[in-house]
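The values are calculated or read from the model by the stated rules, or taken from the named source; none is laboratory data. Note that this is a predicted model, so its numbers are computed, not measured. Here the Cβ positions follow ideal geometry from the backbone for every residue, glycine too, while neighbour counts run over all protein chains shown. Only protein heavy atoms, including side chains, enter the accessible area calculation; ligands, DNA and RNA are left aside. Shrake-Rupley method; radii C 1.70, N 1.55, O 1.52, S 1.80 Å.
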Amino acid sequence: GHPKAINTMWRTLPLAAILLIGADAMRVGPLAQPSSRVSSPRVAVAMSTPGGGLQFDEEKAMAGDPNAKNYRKLSDALKEADVERRKEEEEAQALLRAEEEKRNRRKKKIEAMNAIPDNAPAGKVSDFMYRDGVTQVLDELDNDMIGLVPVKQRVRDIASLLVIDKMRRKLGLDTSIPSLHMCFTGAPGTGKTTVAMRMGQILQRMGYCRHGGVVVATRDDLVGQYVGHTAPKTKEMIKKAFGGILLIDEAYYLYNAANDKDYGQESIEILLNVMENQKDDLIVTLAGYKDRMDKFFSYIPGMSSRIGNHIDFPNYEPDELVDIAKVMARDLEYTFADDALPVLKEYITKRMDLPFFSNARTVRNAIDRARMRQANRLFLEKLDPSSDGEVSPEELQQLVGADMPTAAELVARGDSAIVE
């Protein structure tokens with residue numbers, strides 16, 4: 001064609017079309033091998049239009065090209081690079097802001113310390129205990145829970161540390177949050193869940209957790225049954241417990257030493273990470289039999305080292321279990337007749353020698369059976385023709401010896417019988 005017309009064509013042709021035409025020119029050179037599969041894909045690069053001139057039609061230009069998906073607009077590549085650059089700048093700015101905030105906090109702390117007179121009082125321990133409600137929780141622990149002297153002492157030790165730390169913070173002294181993760185070992189019914197709830201109340205009132213609630217979980221709540229199922233389940237339970245306590249009952253079932261592909265290991269790894277990096281947001285408490293928990297810790301040493309409070313719950317003595325029965329009856333507004341408690345103590349002493357004994361839970365079951373027997377006794381007595389049918393408030397509240405389960409009943413069932 002005419003040289004002038006050719007120059008005009010190249011000036012009006014888009015850059016992308018020129019690049020593609022150049023690529024085709026190289027492809028059809030003397031060294032290129034012809035291909036029967038691709039039939040001149042660049043024929044439609046420049047097409048005449050009714051208005052004259054040349055236009056680049058990308059769809060037609062790419063038609064039939066096996067590498068069509070590999071081409072990318074220059075503008076798209078530049079846009080992605082710009083997004084990545086902005087992300088890096090934002091991350092750098094966030095780090096600078098965090099450092100600045102850290103310096104400001106330290107500066108304010110130094111200023112506050114310098115402003116405190118040397119003879120400034122830190123306050124009275126009793127004021128902190130009463131004002132934050134810690135004394136009330138500890139009193140409730142003493143009144144509602146029988147025995148467990150070493151457990152109560154450990155709870156008081158933790159509460160004392162939290163109170164003193166709060167007084168130190170008032171004066172601007174350095175404090176660090178202690179490891180509040182706990183391990184409760186002992187037989188069923190020894191009060192592990194109840195103590196966990198009391199600890200949650202203390203920690204919440206002292207400002208160490210937001211709500212102090214206790215979320216109880218087992219292996220079934222944390223471990224999935226197929227690949228990709230465990231992580232979401234574990235994270236969901238952690239999310240529910242955030243701001244409080246996650247109590248994992250019979251935690252040793254999370255690890256199966258006989259199966260290397262058991263999904264429980266994944267749940268343990270997530271828990272370890274949370275216990276280390278988010279201990280300000282969640283307190284993890286493990287519970288179970290002592291011998292099994294010791295074996296569990298031998299397989300997962302990183303778990304034991306992250307727990308700062310190992311508390312053992314001893315079994316109750318018969319007299320303590322009778323006192324627990326009195327507390328349960330009091331809460332339900334029942335009383336015991338004089339002949340009821342000796343029968344109950346004899347039953348408990350015998351029941352302790354049989355399988356599946358569960359301390360306070362067994363006592364609770366005994367009280368429930370006594371209530372049912374009392375109801376049946378009153379029902380039959382008041383329906384008797386010789387009775388006027390009136391039931392007094394004292395009769396509705398009192399449990400008598402005839403209402404209590406007996407040791408003789410246990411003997412009649414045999415030692416191998418399943419009992420409540």
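Restricting the chymotrypsin sites (Phe, Trp or Tyr not before Pro) of region 271-357 to loop positions (DSSP other than H, G, I, E, B) with no more than 12 neighbouring Cβ atoms within 10 Å leaves Phe356.
Computed on region 315-397, with alpha-carbon pairs under 8 angstrom and 6+ residues apart, the relative contact order is 32 percent.
Note: relative contact order over region 144-279, using C-alpha pairs below 8 Å and six or more positions apart, is 20 percent.
With 0.36 nm allotted per residue and the present C-alpha distance subtracted, the Lys124-Asp319 stretch has 66.4 nm of extension available. The H on the amide N of Phe313, modeled in the peptide plane, is under 5 Å from the matching H of Thr185, Gly186, each at least 5 residues off or on a different chain. Along the charge dipole of region 309-404, Cβ charges K/R +1 and D/E -1, which of Gly389, Val327, Ile311 sits furthest on the positive end? Toward the positive end, the furthest listed residue is Ile311.
Structural descriptor for region 236-329: relative contact order 31 percent, calculated from alpha carbon pairs under 8 angstrom and at least 6 residues apart.
For Val216, the amide hydrogen comes within under 5 Å of the amide hydrogens of Leu247, counting only partners 5 or more places away or on other chains and with H modelled in the peptide plane. Among the trypsin sites (Lys or Arg not before Pro) found in region 199-260, those both in a DSSP coil and sparsely packed, with 13 or fewer other Cβ atoms within 10 Å of their Cβ, are Arg210. Phi angles across region 327-341 convert, under the Karplus curve 6.51 cos²θ - 1.76 cosθ + 1.60 with θ = phi - 60°, into 3J(HN,Hα) values of 5, 5, 5, 4, 5, 8, 6, 10, 10, 9, 6, 4, 8, 7, 5 Hz, Gly and Pro given as x. On a per residue basis, the convex hull of the C-alpha atoms belonging to region 354-420 measures out at 97 Å³.
For Leu399, nonlocal amide neighbours, meaning residues 5 or more places apart or on other chains whose placed amide H falls under 5 Å from its own, are Thr335, Phe336, Ala337.
Bridging of Lys152 to aspartates and glutamates at a Cα separation below 14 Å is possible for Asp139, Glu140, Asp142, Asp144, Asp312, once same-chain residues fewer than 8 apart are set aside. Note on region 285-420: Kirkwood radius taken over Cα pairs, Stokes-Einstein applied at 10 °C and 1.306 mPa s, translational D equal to 90 µm² s⁻¹. Applying both filters, DSSP loop and at most 15 other Cβ atoms within 10 Å, to the GluC sites (Glu not before Pro) of region 237-344 gives Glu333.
Within a straight-line Cα-Cα reach of under 26 Å, Lys79 can be paired with the following lysines, leaving aside sequence neighbours fewer than 8 residues apart in one chain: Lys60, Lys69, Lys87. The portion of the accessible surface of region 251-405 made up by carbon and sulfur, rounded to a whole percent, is 49 (1.4 Å probe; DNA, RNA and ligands excluded).
For a paramagnetic label modelled on Tyr299 (point 7 Å from Cα along Cα→Cβ), amide N atoms under 15 Å away belong, within region 222-259, to 223-224, 250-259. Kirkwood hydrodynamic radius of region 261-309, from the reciprocal of the average inverse Cα-Cα distance over all distinct pairs: 11.6 Å.
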